[in-house]
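Structure, as structure tokens:
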Amino acid sequence: MSRKKMASGYGMCYPIVGFASCMVFIYMSFGDVKVKLNFNKAPKLDFVGRNGTQFVVNGKPFYINGWNSYWLMDHAVDEYSRYRVGQMLEAGSKMGLTVCRTWAFNDGTYNALQMSPGVFNERVFKALDYVIAEAGQRGIRLLLALVNNLQAYGGKTQYVKWAWEEGLGLSASNDSFFFDPTIRDYFKNYVKTILTRKNTVNGIRYKDDPTIFGWEIINEPRCVTDASGDTLQDWLEEMSAFIKSIDNRHLVTIGLEGFYGPKSPEKLSVNPEDWASRLGADFIRNSQIANIDFASVHIYPDQWFKKVGFEDKLKYLSKWMLSHIEDGNKELKKPVVFSEFGLSNLNKDFKPEQRDIFYKVIYDIIYKSAKKGGSGAGALIWQYLVDGMEEYNDDFGMVPWEVPSLQTLVVKQSCRLSKFEGVAQQQPDFKASCMQKQ
């Protein structure tokens with residue numbers, strides 16, 4: 001959506017002194033970090049799996065407190081900007097974050113990974129190799145998105161353009177991405193190339209690398225030319241099965257915004273407005289696909305309601321999240337990840353402290369679900385950047401250490417979720433800091 005400018009009192013209280021010591025550790029750890037890989041010291045990561053409504057690692061619970069930095073591959077291409085990748089991942093590790101969502105695509109644009117159907121830029125592919133190796137070095141898992149519904153970084157528009165230019169396209173409509181056999185083959189070839197890629201940095205094929213948390217098929221899919229949802233459903237069934245036929249070790253999700261469609265009439269009142277049911281996506285129906293391991297939801301009430309005040313947005317936020325967690329518990333019996341959330345600083349009534357309140361509601365709902373063993377498996381902030389990236393920012397982005405109150409909130413969430421995990425997911429230094437305040 002246009003909202004994203006993509007370049008082309010808690011459930012439990014912690015002692016103040018203990019938490020302050022944790023924050024001192026974190027603040028002292030940030031700064032410009034020139035990356036030097038040392039795989040002998042890299043933490044050992046195991047594959048994340050699923051047991052009913054919970055993520056598990058070696059049979060023990062795993063919860064997500066994470067973030068989005070879609071720009072990692074793009075910045076890893078050039079030497080002058082590559083250091084930002086390590087700096088961002090290091091910052092996430094110091095905050096106890098466990099998963100970063102980022103783009104594993106760039107189609108036909110500047111620094112394209114896929115320059116034309118089946119033609120790849122090895123220099124950019126090595127940048128993605130670097131991102132994955134860097135994440136593993138810091139104990140961060142990656143949720144890798146494979147294509148964009150939006151035009152940023154090419155997206156489905158670029159695939160349709162390629163087919164049209166070659167005289168093979170059935171339609172100039174962007175939605176032909178979902179039904180044109182030629183374009184489906186383009187995308188399948190892309191997926192196969194990504195999944196079977198052998199990383200030039202660590203020597204591990206992507207499909208065999210536990211650093212990768214999972215695959216997200218498409219960011220925010222919509223097929224407005226078929227409001228019944230049948231076209232998108234058919235495409236998702238085919239693509240999720242294709243991914244699993246190559247890689248049955250990684251989790252797969254869709255990348256949905258979470259809107260309910262015509263197959264869920266009893267849930268339509270949860271949608272922000274009527275338009276949300278006519279986008280060709282259907283949260284429950286889509287997420288029930290056998291090869292989809294967990295459901296994905298986005299949270300942007302200030303984008304969905306232009307004339308609603310902050311307090312009403314908070315009420316809707318709770319309703320939206322609790323409805324999808326209930327779906328995970330009762331209908332899907334799968335984990336639910338809120339893979340994007342944010343509050344725009346362009347809202348007319350915006351005040352910085354509103355983000356603290358907004359984030360706290362989200363984190364508290366996740367925490368309460370985790371406490372009950374429910375399907376609320378985690379949430380990922382949209383978006384984090386590092387210094388000097390103004391052209392990549394939008395009205396949601398922030399440099400984490402420049403907003404201390406939110407950073408404190410994020411770290412608290414990492415600490416309290418770690419209590420429910422049967423394995424040590426964060427770095428030892430972070431875990432020790434959490435222990436100091438318990």
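Take segment 272-309 and flag every residue that is polar (S, T, N, Q), part of a loop (DSSP other than H, G, I, E, B) and open to solvent by less than 10 Å² (accessible area, probe 1.4 Å).
Listed by number, the list is empty, since nothing qualifies.
Among the residues of segment 244-271, write down those that are in contact with a strand residue (DSSP E or B) (Cβ under 7 Å, 6 or more places away or on another chain) and either at positive phi or not in a helix (DSSP H, G or I) (or both). Steps first, answer last, please.
As a first pass, look at segment 244-271 and keep what is in contact with a strand residue (DSSP E or B) (Cβ under 7 Å, 6 or more places away or on another chain): 244, 250-258.
HIS250, LEU251, VAL252, THR253, ILE254, GLY255, LEU256, GLU257, GLY258 - these are the residues of segment 244-271 that are in contact with a strand residue (DSSP E or B) (Cβ under 7 Å, 6 or more places away or on another chain) and either at positive phi or not in a helix (DSSP H, G or I) (or both).
Give me the pairs, please: first residue somewhere in segment 229-243 and outside any helix (DSSP H, G or I), second residue anywhere and modelled with pLDDT of 95 or more and open to solvent by less than 30 Å² (accessible area, probe 1.4 Å), beta-carbon distance under 6 Å, and either six or more positions apart or on two chains.
Short answer, once both residue conditions are applied: GLY229/GLY261; GLY229/GLY280; GLY229/ASP282.
Tell me, yes or no, whether segment 409-423 has at least one residue that is more than 27 Å from GLY49 (Cα to Cα), modelled with pLDDT of 95 or more and touching an Asp or Glu at 6+ places or on another chain (Cβ under 8 Å). Give the steps one after another, and end with the answer.
Applying the first criterion (more than 27 Å from GLY49 (Cα to Cα)) to segment 409-423 yields 409.
Adding the requirement that they be modelled with pLDDT of 95 or more leaves 409.
With touching an Asp or Glu at 6+ places or on another chain (Cβ under 8 Å) added as a condition, the list becomes 409.
Yes - at least one qualifying residue is present in segment 409-423.
Within segment 157-193, track down each residue that is surrounded by fewer than 17 Cβ atoms within 10 Å (Cβ to Cβ), over 24 Å from the mean Cα position of the chain (by Cα) and among the charged types (D, E, K, R).
Those that are surrounded by fewer than 17 Cβ atoms within 10 Å (Cβ to Cβ), over 24 Å from the mean Cα position of the chain (by Cα) and among the charged types (D, E, K, R): LYS161, GLU165, GLU166, ASP185.
Can you confirm whether THR211 is among the hydroxyl-bearing types (Ser, Thr, Tyr), over 30 Å from PHE430 (Cβ atoms) and at pLDDT 95 or above?
Spelling it out, it is not the case that THR211 is among the hydroxyl-bearing types (Ser, Thr, Tyr), over 30 Å from PHE430 (Cβ atoms) and at pLDDT 95 or above.
Check whether at least one residue in segment 196-210 is hydrophobic (A, V, I, L, M, F, W, C) and buried (at least 21 other Cβ atoms within 10 Å of the Cβ), and report yes or no.
No; the residues of segment 196-210 include none that is hydrophobic (A, V, I, L, M, F, W, C) and buried (at least 21 other Cβ atoms within 10 Å of the Cβ).
Restricting the search to segment 384-419, which residues are among the basic types (Lys, Arg) and crowded, with 21+ Cβ neighbours inside 10 Å?
Result: LYS412, ARG416.
Can you find a residue that is at pLDDT 95 or above, out of contact with any strand residue (DSSP E or B) (no Cβ under 6 Å at 6 or more places or on another chain), not in a helix (DSSP H, G or I) and not aliphatic (A, V, I, L, M) anywhere in segment 32-42?
Taking segment 32-42 as the starting set, the residues that turn out to be at pLDDT 95 or above are none.
No, segment 32-42 has no match at all.
Quick one: PHE125 ticks every box in (1) of a type outside the set (A, V, I, L, M); (2) open to solvent by 30 Å² or more (accessible area, probe 1.4 Å); (3) closer than 14 Å to ASP74 by Cβ except a single one, so which number is it?
For PHE125, the exception is condition (2).
Test ASP327 against the criterion of being at pLDDT below 95, of a type outside the set (S, T, N, Q), assigned to a helix (DSSP H, G or I) and open to solvent by less than 40 Å² (accessible area, probe 1.4 Å), and give yes or no.
no
For GLU257, indicate whether it is within 18 Å of the chain's Cα centre (by Cα) and among the charged types (D, E, K, R).
Yes: the conditions hold for GLU257.
The values are calculated or read from the model by the stated rules, or taken from the named source; none is laboratory data. Being a predicted model, the structure only gives us computed values, none of them experimental. With ideal geometry, Cβ positions are generated from the backbone for all residues, glycine too; neighbour counts draw on all protein chains shown. The protein model used for the area step is the full one, side chains on, heavy atoms only, and it has no ligands, DNA or RNA in it. Shrake-Rupley method; radii C 1.70, N 1.55, O 1.52, S 1.80 Å.
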